[in-house]
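> Handing you a structure now.
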Amino acid sequence: MNPAGHVGGGRFRGSLRARDPAPPRRSGGGQGSAPCSLWPAPGPSAAGGPPAGPRPAVPGRACAGPRQPFEKRGAGINGKRKDSDSKRVNVNEMIRAPQVRVISDTGGQLGILTAREALAAAREAELDLVEVAPEADPPVCRIMDFGRYKYQQSKKASESRRKAVTVEIKEVKFRPKTAEHDYQFKVRNILKFLAEKNKIKVSLTFRGREITHANLGQELMQRVLKDVAEQGAPEQMPRLEGRAIVMILSPKS
């Protein structure tokens with residue numbers, strides 16, 4: 001016979017099969033986690049098969065517990081209303097206040113009425129009852145054509161956006177050794193930006209030992225100020241910031 005532990009002749013013997021069994025896996029998550037209790041207790045299955053015990057947990061993953069309910073509709077994080085809800089206008093039956101202060105379509109005061117009476121007055125005029133000041137006590141409502149009111153509001157918003165002036169800050173860079181042709185080209189760009197009502201950041205950067213001749217950079221900046229004086233004015237005078245001289249120009253009104 002072969003000695004214990006010897007492998008030969010296609011046979012296994014001895015200690016190769018005498019290993020200790022593997023330790024059982026945890027039924028829950030990491031250290032100290034409890035097993036999942038969302039599944040029913042062990043018991044015989046309906047089909048007569050093996051008992052339907054608890055669902056085995058994934059190793060290394062704790063039981064997540066029941067799914068949490070969704071947030072209330074209409075409320076965002078921390079219970080705050082969404083912007084779309086805050087901009088909503090209550091019209092006709094959407095008005096929930098028991099009493100409202102009513103303004104007629106001609107601008108006259110109808111006094112404080114119940115919501116039902118105010119809605120009846122609006123229907124009699126074949127118009128809508130619109131809540132224009134919901135924060136007031138009582139809320140203020142006006143009898144008007146709501147479709148026309150929405151059109152006027154959108155028209156005013158588009159008009160204000162069209163009239164809004166967008167000011168951009170352009171940047172033009174110089175060097176202490178900028179050639180004359182490049183200098184004239186950059187000055188023409190500055191004048192073009194000023195004509196478009198934009199601000200310009202003029203910077204002059206020094207490299208290496210050029211910083212020892214910072215007076216040359218100041219002279220160049222003063223020359224730029226003189227050449228654009230008809231269309232621009234200095235909002236920030238030339239000053240040294242690190243290894244650069246920076247100046248801000250704004251268009252003359």
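> Every residue in the stretch 118-131 that is within 12 Å of ASN92 (Cα to Cα) and touching a residue at least 12 places away in the same chain (Cβ under 8 Å), please.
Once the filter is applied, which keeps residues that are within 12 Å of ASN92 (Cα to Cα) and touching a residue at least 12 places away in the same chain (Cβ under 8 Å), the stretch 118-131 yields ALA118, LEU119, ALA121, ALA122, LEU127, ASP128, LEU129, VAL130, GLU131.
> Looking at LYS177, LYS192, which is the one that is in the same structural domain as GLY232 (by TED's automatic domain parsing), part of a helix (DSSP H, G or I) and of a type in the set (Lys, Arg)?
Numbers: LYS177 fails: part of a helix (DSSP H, G or I).
Exactly one residue qualifies, and that residue is LYS192.
> Restricting to the stretch 204-253, name every residue that is under 13 Å from PHE174 (Cα atoms) and touching a Ser or Thr at 6+ places or on another chain (Cβ under 6 Å).
ALA244, VAL246
> Any idea how many residues of the stretch 229-245 are closer than 20 Å to ALA214 by Cα, assigned to a strand (DSSP E or B) and touching a helix residue (DSSP H, G or I) at 6+ places or on another chain (Cβ under 9 Å)?
Keep residues of the stretch 229-245 that are closer than 20 Å to ALA214 by Cα, which gives 234, 236-245.
Keeping just the survivors that are assigned to a strand (DSSP E or B) gives 234, 236-241, 244-245.
When the remaining residues are screened for being touching a helix residue (DSSP H, G or I) at 6+ places or on another chain (Cβ under 9 Å), the result is 234, 237-238, 240, 244-245.
The number of residues fulfilling the criteria is 6.
> Could you tell me which residue of the stretch 195-217 is nearest to ILE245 (Cα to Cα), considering only residues that are in a helix (DSSP H, G or I) and of a type in the set (S, T, N, Q)?
ASN215
> State all residues of the stretch 169-203 that are of a type outside the set (A, V, I, L, M) and under 17 Å from SER253 (Cβ atoms); if no residue qualifies, say none. First the steps, then the outcome.
Quick first cut of the stretch 169-203, residues of a type outside the set (A, V, I, L, M) only: 170-171, 173-178, 180-186, 188-189, 192-193, 196-199, 201, 203.
The answer is PHE193, GLU196, LYS197, ASN198, LYS199.
> Considering only residues of the stretch 126-174 that are within 30 Å of GLU196 (Cα to Cα) and crowded, with 16+ Cβ neighbours inside 10 Å, which is nearest to the chain's Cα centre (by Cα)?
For the stretch 126-174, the residue satisfying everything is LYS170.
> Which residues, taken from the stretch 149-168, are under 19 Å from ILE95 (Cα atoms) and of a type in the set (Lys, Arg)? Talk me through it step by step, then tell me what you get.
Keep residues of the stretch 149-168 that are under 19 Å from ILE95 (Cα atoms), which gives 149-150.
Matches in the stretch 149-168: LYS150 only.
> For GLY217, state whether it is among the small types (Gly, Ala, Ser) and within 37 Å of the chain's Cα centre (by Cα). Walk me through it before giving the result.
Values: among the small types (Gly, Ala, Ser): yes; within 37 Å of the chain's Cα centre (by Cα): no.
So GLY217 fails the test.
> A further question on this structure: Show the residue pairs meeting these rules: Cβ distance below 6 Å; 6+ apart or different chains; first residue within the stretch 175-189 and at negative phi; second residue assigned to a helix (DSSP H, G or I).
Note: pairs meeting the criteria are PRO176/GLU210; PRO176/LEU216; PRO176/GLY217; VAL187/ASP227.
The values are calculated or read from the model by the stated rules, or taken from the named source; none is laboratory data. Note that the structure is a prediction, hence the values are computed from the model and not measured. As a convention, Cβ positions derive from the backbone with ideal geometry for all residues, glycine included, and neighbour counts pool all protein chains shown.
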